[in-house]
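Take a look at the structure set out below.
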Amino acid sequence: MTQWSGYFGLILQGALVTIELTLMGSVLALIMAFLAGLGRLSRFFVLRALATAYIEFFRGTSIFVQLFWAYFVLPFAGISLTPLQAGVLALGLNVGAYAAEVVRGAIKSIGREQYEACTALNLGRWQAMRHIILPQALLVMLPTFGNNAIELLKATAVVSLISLADLTFQAQVVRSQTGNTLVPFSTILVIYFVLALLISWGVRSLERRMARGLDGVRV
Amino acid sequence: MSAPIIKIDGISKSFGTFKVLDGLSMQVMPGEKLALIGPSGSGKTTILRILMTLERIDSGHIQVDGEQLYHMERNGRLLTADERHLAKMRQKIGMVFQLFNLFPHKCVIDNVTLAPMLTKAMPRAAAEKRAMELLDMVGMVDKAKAMPAQLSGGQKQRVAIARALALSPKIMLFDEVTSALDPELVDEVLNVMRKLAAETDMTMLLVTHEMGFAHDFADRVLFFDRGRIVEEGKPDEIFRHPKQERTQGFLKKIIAAGHRV
Ligand SMILES: Nc1ncnc2c1ncn2[C@@H]1O[C@H](COP(=O)(O)OP(=O)(O)OP(=O)(O)O)[C@@H](O)[C@H]1O
Ligand SMILES: [Mg+2]
């Protein structure tokens, strides 16, 4: 019994690593999503080209290969990352590429009449984006961002391949030490699922908060 | 006699192969209340949108308040206006849209204060004080904290008028501002515009199908057809004694459709 509680301790440690990866990866993904999403809508060809290249590259190659590059190949270029840093980098850049398309689509979904009102009120391009377009587009992005974050959570499992001690890694440790597969992998299955539920729930309550007043219901 | 505040000089505008405006010229005097009437598709909205810089012209010149709108003079040469010049010119002009175009994520007073705070660096307190005066004028003070979605069409349009006025433009453009409203809400908006006309010396250009209102409101009426001014004159001349056949035909149709003249 005490032996099992030690193993559960390992898995909890792994859960913390997975949560850390998910949070930090999501922050990087969010930053990349806005940079590349706005870049794709830029007036400037160079910015559009850079953003498009980034998005196509990271959507077109596997997260697995990207992670190995970040961890094993970058050191040859003089950039040595810890497993956690490499994991955050690969996950953030990969999911950021998908989320950039969400940003772009949401901005494009805002009607022309909103832009025209901004012009009539003499707002500059960036003022209009910052105060009128983005706040409305954000509401459109949120549900899909929730999906992206869950995708990112699930993708964190690949970091076990570069020996970062996340949930999946610890489950394998427990399995090799106990010879039992069912218990550790059922446990992490439940933990991943609960984490995903937490993300859904968090995004949905954020969405409700932001949508307040937009539908004509008394605030 | 003072100089015209708007001088349109031979402008043309096409959408694809369709020429909406073909060498149009017209002038508007400071403080004048001008009604633009005419059949659907005759280019009335396009003229207002061009003045608001929402649409570019293909050729011709427009002078607003003594300066070129789409051109700027540099060392005696006329160049195409850049964004900075356009921004300067837009300060002189405000527009109210048929579908209000309020910002749905901002409450009424924020809709009104946003542009003065951002484009004129007006402090919040001053912007809110001015906004409350304007909301008072349009009868919307008690809804200052409401969201646009909680308002009726007429209320939205009155807020949109206050929002445009907050930048104190010299020229206001109104594009069929009552045509998206339920009939019983039309008057509350028209009353605001009457008040505006009586209390300010703003130049006002009005595109409308409300012939009765155009008759009372306007100093001068322009009848458009296919991008050209077919007839112009004092409201009484146009509405009571139209000279052109096309004007007569248009008014007859409008009256038959139940509009009051
Ligand atoms: N963005 C556009 N692209 C293509 N055609 C356009 C565009 N905007 C206007 N048009 C066309 O230009 C013509 C003039 O349009 P405009 O909106 O100025 O007419 P209007 O006099 O305001 O008519 P209405 O009384 O129906 O509002 C119409 O035939 C219209 O279809
Ligand atoms: Mg029109």
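Where a number appears in this text, it was derived from the coordinates with a stated rule and is not lab data. None of the values given here were measured: they were computed from a predicted structure.
Kirkwood radius for the protein assembly as shown, taken over all pairs of different Cα atoms as the inverse mean of 1/r, rounds to 26.5 Å.
Give me log10 I(q)/I(0) at q = 0.08, 0.09, 0.11, 0.17 Å⁻¹ for chain B, Debye formula, one equal scatterer per alpha-carbon, no solvent. For chain B at q = 0.08, 0.09, 0.11, 0.17 Å⁻¹, log10 I(q)/I(0) is -0.33, -0.42, -0.63, -1.39. Taking amide H as placed 1.01 Å from N in the peptide plane, the amide H of B:Arg220 sits under 5 Å from that of B:Lys33, B:Ala35, each at least 5 places away or on another chain.
Dividing the alpha-carbon radius of gyration of region B:122-225 by the rule-of-thumb value 2.2 N^0.38 Å gives 1.11.
Values of log10 I(q)/I(0) for region A:10-211 across q = 0.08, 0.19 Å⁻¹ run -0.34, -1.28, by the Debye formula with one identical scatterer at each alpha carbon and no solvent.
Excluding residues fewer than 8 places away in the same chain, name every one of the aspartates and glutamates whose C-alpha is closer than 19 Å to that of A:Lys154. Counting by Cα, and skipping residues close in sequence, A:Lys154 has these aspartates and glutamates nearby: A:Glu20, A:Asp166.
For the cross-link pairs B:Lys33/B:Lys143; B:Lys44/B:Lys170; A:Lys108/B:Lys129; B:Lys170/B:Lys234; B:Lys195/B:Lys252, the ones whose C-alpha atoms lie over 27 Å apart are B:Lys33/B:Lys143; A:Lys108/B:Lys129; B:Lys195/B:Lys252. Over chain B, DSSP H runs of length four or greater, each weighted -39,500 (n - 2.57), average out per residue to a 222 nm ellipticity of -11000 deg cm²/dmol.
Annotation: average projected area of region B:97-168 is 4.3 square nanometres, based on the convex hull of Cα atoms across all directions. Could you state the number of Å between the C-alpha centres of region A:34-100 and region A:153-208? If we compute the Cα centre of each part, the gap is 24 Å.
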